[in-house]
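Please read the structure below before turning to the comments.
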2 protein chains.
Amino acid sequence: SKGRLWVGHQRVNSSSENPDPVKAKCPPVLVDDVYLNGPTLDVNGAEDFIRESMRIITEDAVKKATDVREKVCEWHSPEDLKELLDLQLTDEGESDTRILERCRDAIRYSVKTTHPRFFNQLYAGMEPYSMVASFIIEALKPSLYTYEVSPVFTLVEDAVLRKMREVIGWKEGGDGIFNAGGSLSNMYAVNLARYHHCPDVKELGLSAVPRLVLFTSQECHYSISKAAAFLGIGTKNVYVVPSDNRYIFTEWLNVRVCDQGAVPFMVNATAGTTVLGAFDPIEEIADICEKHNLWLHVDACWGGAALMSAKHKHLLKGVHRANSVAWNPHKMLMACLQCCAFLVRDKTGLLQRCYSARASYLFQQDKFYDVSYDTGDKSVQCSRKPDAFKFWLMWKALGSKELEQRVDRAFAMAKYLAQEVKKREGFRLLMEPEYANVCFWYIPPSLRDLPDSTELWEKIHKVAPVVKERMMKKGSMMVGYQPHGDKANFFRMIIISPQVSRQDMDFVLDEIDRLGRDL
Amino acid sequence: SKGRLWVGHQRVNSSSENPDPVKAKCPPVLVDDVYLNGPTLDVNGAEDFIRESMRIITEDAVKKATDVREKVCEWHSPEDLKELLDLQLTDEGESDTRILERCRDAIRYSVKTTHPRFFNQLYAGMEPYSMVASFIIEALKPSLYTYEVSPVFTLVEDAVLRKMREVIGWKEGGDGIFNAGGSLSNMYAVNLARYHHCPDVKELGLSAVPRLVLFTSQECHYSISKAAAFLGIGTKNVYVVPSDNRYIFTEWLNVRVCDQGAVPFMVNATAGTTVLGAFDPIEEIADICEKHNLWLHVDACWGGAALMSAKHKHLLKGVHRANSVAWNPHKMLMACLQCCAFLVRDKTGLLQRCYSARASYLFQQDKFYDVSYDTGDKSVQCSRKPDAFKFWLMWKALGSKELEQRVDRAFAMAKYLAQEVKKREGFRLLMEPEYANVCFWYIPPSLRDLPDSTELWEKIHKVAPVVKERMMKKGSMMVGYQPHGDKANFFRMIIISPQVSRQDMDFVLDEIDRLGRDL
């Protein structure tokens, strides 16, 4: 009646429609004015809708979204887009035809993060195997807490964690868990380090122990600060080591800590910083941590991919000495969002002890199988998505070798882009890239002959936001910009996807010049 | 060469293969032994693979998975399933043909949580609109932190949160955020209540303030305890109010708290407990909270759906007086996993102040649009999936009315099942269902004439695990069981999906009797 392709409301006499002979024999039952015979939703009847929507997804969200000749985005202001989308939720439903239009619109007005000209975040590109894996997950609706509910995905997660630990260099096992984001992985680390340092905190809380502090380098991700706030440690108890003083951790530990009666319990090192793509020297930090008995966490959410490359894994030299590592395969390795591993060197069940709440309705101990496969009590979540499957299926398809080639190619592409930036008039490289972040300023012709001064940099600071606005409104590409410390706004190109070629690098520089030349 | 349908490795001379005229003119470039001309991954070439995998997903993960004549699960022990799946990750990749087999196997050996005979968790069933929405999300790979990267999904989340607040009864606005699970929503609540009570905790940590305690009813979800551990409050500072004493909160507050110098800051009330489906009396708890100036959080992850029903929303009477509400549309409302809203009554930006870290690389203030649409700084995550879209699209399709009918039907179905349990010999109802949880014992013929004694209940305790093992191995259905307090193991039926009819209820009872009759 509403143009719906299925959903026949309450078929009281189901005998002619329902092929199940058991059901046909049942008399109708009415409870609280609701007829309860026969299902009111028949998924078979939804087949046409599902098929048509899959056609739209393949055409618009996969093919068109990744086509370099299409726009990266179709910009509308929030106010205009609200009008276009008609977002209100009402009492009456809409026809399938209308819903399919809505699907098309949602895709049309969304940013195409899989487009070859999307360089705005630390993820990009389309990985078909991983995408298919995520469709399977969405259709099956599994949740990881017990083996009985998610047998396949429980074992897949275990296999992926094992392999990732092997890549890190933990030869004798360890532990880990996939979870909803790198920020959460870092929080897991802070909490686990704290529990390791003082198991009583779990029961008694921080009010029962001395003030705990943690160290991190200045360039760390903001989730370390968020973790300190969320976990009750306090952001002021995150001691930030200036990046250019990163070799003097020891001195800091002695001076800062003893003076104030605080107790340090962990150091966070970053492998692949968000803005610059820089790597903290893990070996040296590990020496200090071992000497002072501090938990070493390596936030390799972004830089972990370098471990897949024989040529570049030296950037994380010493990572096997870490107590825990956060590594997001959804970034450079292109697993579908989200795919974030938190890996632990401990083999004694520390993770389980730290996180367990032993819910008796979920983790019954009188089950008929080995309940050590029930991973849910290691998690801070209850329902948890089997994100490891999205990485596992693509890894199976590509093999470690192709993952390595992709990583090597991203490094080479970043190097190429940095070379081009140095060659071209009006472009200025911020620093030689260590990884796949290429940071640079664009200086329009009107500013090129001015002397190097605060005034000049104030002007340069205003260039990137305008160029960004223009590229968004044109839809030709998306590149991020930001200030950083005392540095004026600069562009940050992130190179990931094998859908990208050096022609795209050339295009980006040409396009920035086209868009900003008159400024 | 490996049977891959696309991925041609490095086409150095791309002129004949690449339709883009710009690219054809470029000479080959070699950096660090990697050729950088032309993409090495062409998504268009993956079309056959994607199409074939979508066919498999539709056939196996949608149609077959929801077919009542198929098994809910094909049980294998972890050891056997490892053999069947061949999980190892290796250097070499595999052919697309092999990967498609792996997709089929992953589906085959997975539990079908969308099957009409899956009653094992607080979610079940297939919702085609929501599934399609989640496919769109997976294909587009959006992340919610800034409007510029996720314009559509940012506005969709805002619209859904608005509507949910309206349903709760907060007429004058408020705030909120979707996040990765109900447990996280409860953690958001505890942290926000703490921040509201004492904003200094964010910077200074818990070591700078008196011992904070929170109250919750005994039947609350275990995530409250996990939150206390994770957030540094300590599990012993969760004061558990016995369920049968829930009216004497005030006395507890006076006696327990003053005695021990602790400072209470929040009360957690549960609307729809996990095992029994019980509802705490929100009005009475709200009175106490207002009197003592305590933050009231309502964990309505499971029971929130009752708010959609004019007939049943009285169960949450007073919910509009709460300071925050957790509500998971992925449970009874059947949005795809995960879809979890954390809703806040505050209109002053408390959520933002509590969670913000002001990352300058992401939340630049010199953007060209209204940055109040950048929601990422309200979140404890960085990357965040646009889960609201999975609820929005189905709500648009079904309208509030059909959501209401579904909820009413689930209530009626639970009532029917409870009536049947009472009628049938060998079944014993634990309590009249308040919601869609129906809890009961099965007592096999051999135990029916024994006197009511500890010994009898010890025997009954052993029945459910065996029946569960047998139903899993047969694959006929999945129903959870658990002990609870001093109660022996009992079955917990959860009724959600409109794919379920009263015939399925009859089947469950018949099948339990068939499987357990000889015990």
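Looking at segment B:88-128 only, could you name the residues that are of a type in the set (S, T, N, Q) and either buried (at least 21 other Cβ atoms within 10 Å of the Cβ) or closer than 23 Å to A:ASP158 by Cβ (or both)?
First, pick out the residues of segment B:88-128 that are of a type in the set (S, T, N, Q): B:88, B:90, B:95, B:97, B:110, B:113-114, B:120-121.
Hits for segment B:88-128 are B:GLN88, B:THR90, B:SER110, B:THR113, B:THR114, B:ASN120, B:GLN121.
Which of the following residues is open to solvent by less than 10 Å² (accessible area, probe 1.4 Å) and part of a helix (DSSP H, G or I): A:LEU184, A:LEU214? Walk me through it before giving the result.
Details: A:LEU214 fails: part of a helix (DSSP H, G or I).
Residue meeting the stated conditions: A:LEU184.
More than 7 Å from chain A (Cβ to nearest Cβ) and surrounded by fewer than 18 Cβ atoms within 10 Å (Cβ to Cβ), is that true of B:THR348?
Against the criterion (more than 7 Å from chain A (Cβ to nearest Cβ) and surrounded by fewer than 18 Cβ atoms within 10 Å (Cβ to Cβ)), B:THR348 qualifies.
Can you tell me which residues in segment A:462-495 are open to solvent by less than 10 Å² (accessible area, probe 1.4 Å) and assigned to a loop (DSSP other than H, G, I, E, B)?
A:GLY475, A:MET477, A:ILE495
Regarding segment A:157-173, can at least one residue be identified that is in contact (Cβ under 8 Å) with a residue 24 or more places away in the chain, more than 8 Å from chain B (Cβ to nearest Cβ), part of a helix (DSSP H, G or I) and among the small types (Gly, Ala, Ser)?
no
With the condition kept exactly as written, say whether any residue in segment B:293-306 is touching a residue at least 40 places away in the same chain (Cβ under 8 Å) and open to solvent by 20 Å² or more (accessible area, probe 1.4 Å).
No; the residues of segment B:293-306 include none that is touching a residue at least 40 places away in the same chain (Cβ under 8 Å) and open to solvent by 20 Å² or more (accessible area, probe 1.4 Å).
With (1) surrounded by 24 or more Cβ atoms within 10 Å (Cβ to Cβ); (2) assigned to a helix (DSSP H, G or I); (3) more than 7 Å from every other protein chain (Cβ to nearest Cβ); (4) not aliphatic (A, V, I, L, M) as the list, and B:THR146 as the residue in question, which single condition is left unmet?
For B:THR146, the exception is condition (2).
What number of residues in segment A:463-503 are of a type outside the set (A, V, I, L, M) and more than 8 Å from chain B (Cβ to nearest Cβ)?
Initial filter on segment A:463-503 (of a type outside the set (A, V, I, L, M)): A:465, A:468-470, A:473-476, A:480-487, A:489-492, A:497-499, A:501-503.
With the extra rule that they be more than 8 Å from chain B (Cβ to nearest Cβ), the set shrinks to A:470, A:473-476, A:485-487, A:490-491.
So the count comes out to 10.
If you go through segment B:75-87, how many residues are more than 7 Å from every other protein chain (Cβ to nearest Cβ), surrounded by fewer than 17 Cβ atoms within 10 Å (Cβ to Cβ) and either of a type in the set (Lys, Arg) or on the phi < 0 side of the Ramachandran plot (or both)?
The number of residues fulfilling the criteria is 4.
Answer with yes or no whether B:ALA410 is among the small types (Gly, Ala, Ser), over 24 Å from B:LEU315 (Cα atoms) and surrounded by 15 or more Cβ atoms within 10 Å (Cβ to Cβ).
no
Of all residues being outside any helix (DSSP H, G or I) and crowded, with 24+ Cβ neighbours inside 10 Å in segment B:42-73, which is farthest from the other protein chains (Cβ to nearest Cβ)? Just the residue, please. Before the answer, list the steps.
The first filter runs over segment B:42-73 and keeps only residues outside any helix (DSSP H, G or I), leaving B:42, B:65-73.
Now narrow it down to the ones that are crowded, with 24+ Cβ neighbours inside 10 Å: B:65-66, B:72-73.
Details: B:ALA65: 7, B:THR66: 4, B:VAL72: 11, B:CYS73: 8 Å.
Within segment B:42-73, the match that is farthest from the other protein chains (Cβ to nearest Cβ) is B:VAL72.
Need pairs with beta-carbon distance below 6 Å; first residue under 10 Å from B:MET131 (Cβ atoms) and at pLDDT 95 or above and within segment B:333-344, second of a type outside the set (A, V, I, L, M, F, W, C) and not in a loop (DSSP other than H, G, I, E, B); sequence gap 6+ or separate chains.
Going by the 6 Å Cβ cut-off, the qualifying pairs are B:ALA335/B:SER130; B:ALA335/B:LYS390; B:CYS336/A:GLU138; B:CYS336/B:SER130; B:CYS336/B:SER134; B:CYS336/B:LYS390.
Give the residues of segment B:374-402 that are over 18 Å from the mean Cα position of the chain (by Cα) and either surrounded by fewer than 23 Cβ atoms within 10 Å (Cβ to Cβ) or assigned to a helix (DSSP H, G or I) (or both), sorted by residue number.
B:ASP374, B:GLY376, B:ASP377, B:LYS378, B:LYS396, B:ALA397, B:LEU398, B:GLY399, B:SER400, B:LYS401, B:GLU402
Of the residues in segment B:414-446, how many are free of Cβ contacts under 8 Å to residues at least 60 places away in the same chain, touching a Leu at 6+ places or on another chain (Cβ under 8 Å) and surrounded by fewer than 17 Cβ atoms within 10 Å (Cβ to Cβ)?
1
The values are calculated or read from the model by the stated rules, or taken from the named source; none is laboratory data. In this text the structure is predicted, and so the values were computed from the model without any measurement. So basically every Cβ, Gly included, is an ideal-geometry build from the backbone, and we count neighbours across all protein chains shown. Quick note on the areas: whole protein, heavy atoms, side chains included, nothing else; ligands and nucleic acids left out. Shrake-Rupley method; radii C 1.70, N 1.55, O 1.52, S 1.80 Å.
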